[in-house]
Amino acid sequence: MRSDCSAGTGRRAFLRRGAAASAFVLLDARALLGDTTDRVPQSVHELWADFDPRKDPLEVEAIREWQEEGGVFRHVRFLVGTFKGRSARMTAIYGYPERPNAKLPGVMHIHGGGQRAFLHEVKFLVARGYAALSVNWGGSAGQAPFNSVEGAQPGDPNTDWGAVDPSQLNVPGYHSLQPGPKQFFEDREHPKNNNWYLLTFGCRRGLTFLERQAEVDPQRLGVHGLSMGGNLTMYIAGCDDRVKVAVPAVGGQGWRWQPHEFIGGGAQQERIKGDVDLFRRTLSFESYAPLIRCPVLHRSGTNDFHGWMDDVYRTNALIPQQPTRYCWSPHLNHRLTPEVAVGMPLWLDHYLKGGPAVPETPPSELTLQTSDRIPSLRVTPQPAWPVARCDIYYSIDPDPRARFWRSAEGVRAGDVFTAKLPLHTLDAPLFAFANVYHTLPQPVSMVQLPGYREPVREVCLSSLLHRVTPKELHDANVAATAEPGPLIDDFARGLRDWYQLNAGNAAHLQTWTRKLTDPFWRGRDGAKLQLTLKLPKTNRLSFVVQQNEWRSYRGKKATFVCGREIPGAGTGQSITLSLADFVSTDGPLQSWSEVDQFGICAHFTERGAAAKPPPTWNGPAPLFTRLEWTWISHRE
């Protein structure tokens with residue numbers, strides 16, 4: 001597929017303009033490309049063949065230097081390159097341990113969208129014996145101070161992309177190959193017009209800065225990043241052989257351009273403007289993964305909107321002959337549990353410092369043909385580190401963003417774990433995976449990072465993802481044995497089917513589940529929700545329903561809220577909620593059929609709405625003991 005603005009058409013239009021300034025733009029860009037033809041790169045190799053990240057001088061500006069917490073830190077700026085006759089310069093934070101007695105491994109941190117270079121990321125790595133660089137790719141002249149590096153002072157220079165702009169002030173550039181005033185070319189469609197090309201260009205120059213520091217061993221370089229930084233981690237690992245280890249998080253999965261079919265409709269992450277096949281060959285992650293020559297550990301949430309779980313596995317399966325690991329935070333979107341987050345320093349330590357080897361991906365086997373006709377998953381983790389527990393999950397929802405992961409009841413025999421996966425229908429696919437929690441040889445302190453007060457004592461390593469089609473279920477003579485009922489959760493296993501935000505802060509605590517989106521627990525017409533809880537002191541709670549959170553193919557996205565003052569009681573009390581109790585700006589909730597999430601919140605402000613101060617909270621957080629459906633019989 002091609003847009004109307006083809007390379008040839010754009011070239012002729014450019015020549016007709018004939019302006020001297022425009023001619024300079026084209027000549028300057030073509031000189032930078034090292035190319036005197038109009039040939040457009042057709043592969044990742046061709047896209048990067050003319051770029052040497054070490055060729056041009058860095059022209060480093062030392063903005064500030066200081067010492068604290070056993071480290072030396074510098075706020076710097078360096079030359080990325082010259083585009084359309086103007087230089088582009090990137091700010092960054094660099095740090096290393098005081099008085100290193102040998103060359104240090106170096107790690108580059110890449111921030112996510114809307115964020116900036118973080119001093120705390122550098123401090124964390126420095127405390128672990130690394131030289132570290134956090135690049136500020138998102139900054140741009142005019143965005144200061146928010147997008148200045150963490151700790152910048154008034155008047156400090158910021159990242160300035162000059163005549164181009166791959167930052168989030170130019171969002172269309174992430175999904176396009178087409179020309180434009182802020183793109184690499186103004187006259188023709190080209191992969192270098194895409195923001196990801198220039199951002200990868202700039203981060204590769206960051207690697208050059210890092211390897212040239214006197215404290216750094218240039219043969220031991222690693223990269224890690226989260227969200228859009230996870231994307232850039234995969235790009236760099238796929239086109240720069242200086243990278244010896246990579247840790248992408250919540251980003252960096254392929255096939256973002258590809259439509260995906262779900263139950264009730266389809267969706268895709270990006271609609272590319274221009275030649276989609278050209279984008280696929282030069283800029284899509286499934287074209288970078290086969291070129292990666294370093295170990296990769298991927299951290300994410302099972303319901304991440306940005307790094308779709310299924311496609312992460314598809315992408316990393318293309319990495320040839322390199323160790324890969326997966327760490328999935330159950331039920332979370334774009335967040336990491338401590339047991340998942342700790343995978344990053346462990347992976348870096350092993351491959352850059354000779355630290356202990358991270359256990360292998362837990363072997364798992366999904367069996368469909370069983371004596372009771374119920375599928376089962378068997379997990380046999382390697383006991384290189386003690387196995388604390390194994391959680392086995394399964395789902396029938398094809399949409400990775402919205403699916404509820406059912407918790408299977410596992411049985412442990414030594415270090416072997418087996419769980420039955422009962423189904424109530426054979427007309428939906430089956431997905432299954434396991435999280436194995438290993439006790440660490442030594443607890444890992446992450447106090448330099450926000451939110452980490454206690455040492456992390458376990459690491460979560462995830463199995464591969466199993467997928468079975470409805471036809472395979474039928475062919476294997478699987479039986480639908482599960483019987484839906486009114487009970488949603490008796491909380492006998494705590495919050496294993498829920499996730500919490502702001503845990504430990506009763507005034508801001510939010511407790512969420514996707515259980516109501518699963519057809520097995522979905523409410524029937526006329527049903528009411530009944531929650532039993534213990535709340536010693538009187539407080540106000542917000543009960544929240546999110547409808548079609550990611551399923552625009554199914555219906556309109558909306559948030560419905562029911563606020564209730566709950567009187568304090570020494571014993572359990574029940575609260576009954578009907579459809580009419582949940583209200584949005586467009587009116588009350590009409591049906592449970594399109595509910596994706598249900599939340600119980602001490603304080604809730606809908607995204608995009610003006611923030612409200614939290615009410616005063618009295619006493620401890622609520623304790624939930626039962627959630628179930630009730631319905632009115634025909635006699636009533």
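Within the group A419, A507, A434, which residue is part of a loop (DSSP other than H, G, I, E, B) and either out of contact with any His (no Cβ under 8 Å at 6 or more places or on another chain) or under 28 Å from L627 (Cβ atoms) (or both)?
A507
Of everything in region 542-552 that is over 22 Å from the mean Cα position of the chain (by Cα) and surrounded by fewer than 21 Cβ atoms within 10 Å (Cβ to Cβ), the residue that is nearest to Q590 (Cα to Cα) is V544. Elements of the type strands (runs of 3 or more DSSP E) sitting completely within region 308-405 and holding at least 3 residues that are surrounded by fewer than 16 Cβ atoms within 10 Å (Cβ to Cβ) and not assigned by TED's automatic domain parsing to the domain that holds E454: there are none.
When region 487-504 is filtered for residues that are in a strand (DSSP E or B), among the aliphatic types (A, V, I, L, M) and either touching a helix residue (DSSP H, G or I) at 6+ places or on another chain (Cβ under 8 Å) or closer than 23 Å to H603 by Cα (or both), the ones remaining, listed by number, are I488, L501.
Scanning region 326-371 for residues that are of a type in the set (D, E, K, R) and more than 15 Å from A384 (Cα to Cα) yields R335, E339, D349, K353, E365. Against the numbered list (1) surrounded by fewer than 21 Cβ atoms within 10 Å (Cβ to Cβ); (2) over 12 Å from the mean Cα position of the chain (by Cα); (3) touching a residue at least 40 places away in the same chain (Cβ under 8 Å), F279 comes up short only at (1). The condition (being in a strand (DSSP E or B), modelled with pLDDT of 95 or more and not aromatic (F, W, Y)) is satisfied by just one residue among S574, S593: S574.
Among the numbered conditions (1) in contact (Cβ under 8 Å) with a residue 60 or more places away in the chain; (2) in contact with a helix residue (DSSP H, G or I) (Cβ under 8 Å, 6 or more places away or on another chain); (3) over 30 Å from A503 (Cα atoms); (4) not hydroxyl-bearing (S, T, Y), the only one that K353 does not meet is (2).
Count of region 503-532 residues, restricted to those that are within 13 Å of A621 (Cβ to Cβ) and in contact (Cβ under 8 Å) with a residue 40 or more places away in the chain, is 6. If a residue has to be within 22 Å of the chain's Cα centre (by Cα) and either among the charged types (D, E, K, R) or assigned by TED's automatic domain parsing to the domain that holds D397 (or both) to count, how many in region 491-533 make the cut? Of the residues in region 491-533, 4 are within 22 Å of the chain's Cα centre (by Cα) and either among the charged types (D, E, K, R) or assigned by TED's automatic domain parsing to the domain that holds D397 (or both).
What are the residues in region 64-77 that are touching a Pro at 6+ places or on another chain (Cβ under 9 Å) and either buried (at least 18 other Cβ atoms within 10 Å of the Cβ) or outside the structural domain of V122 (by TED's automatic domain parsing) (or both), if any? If the condition is that a residue be touching a Pro at 6+ places or on another chain (Cβ under 9 Å) and either buried (at least 18 other Cβ atoms within 10 Å of the Cβ) or outside the structural domain of V122 (by TED's automatic domain parsing) (or both), then G71, V72, R77 are the ones that fit.
The values are calculated or read from the model by the stated rules, or taken from the named source; none is laboratory data. This is a predicted model, so every value here is computed, not measured. Every residue, glycine as well, gets a Cβ built from its backbone with ideal geometry; the counts of neighbours run over all protein chains shown.
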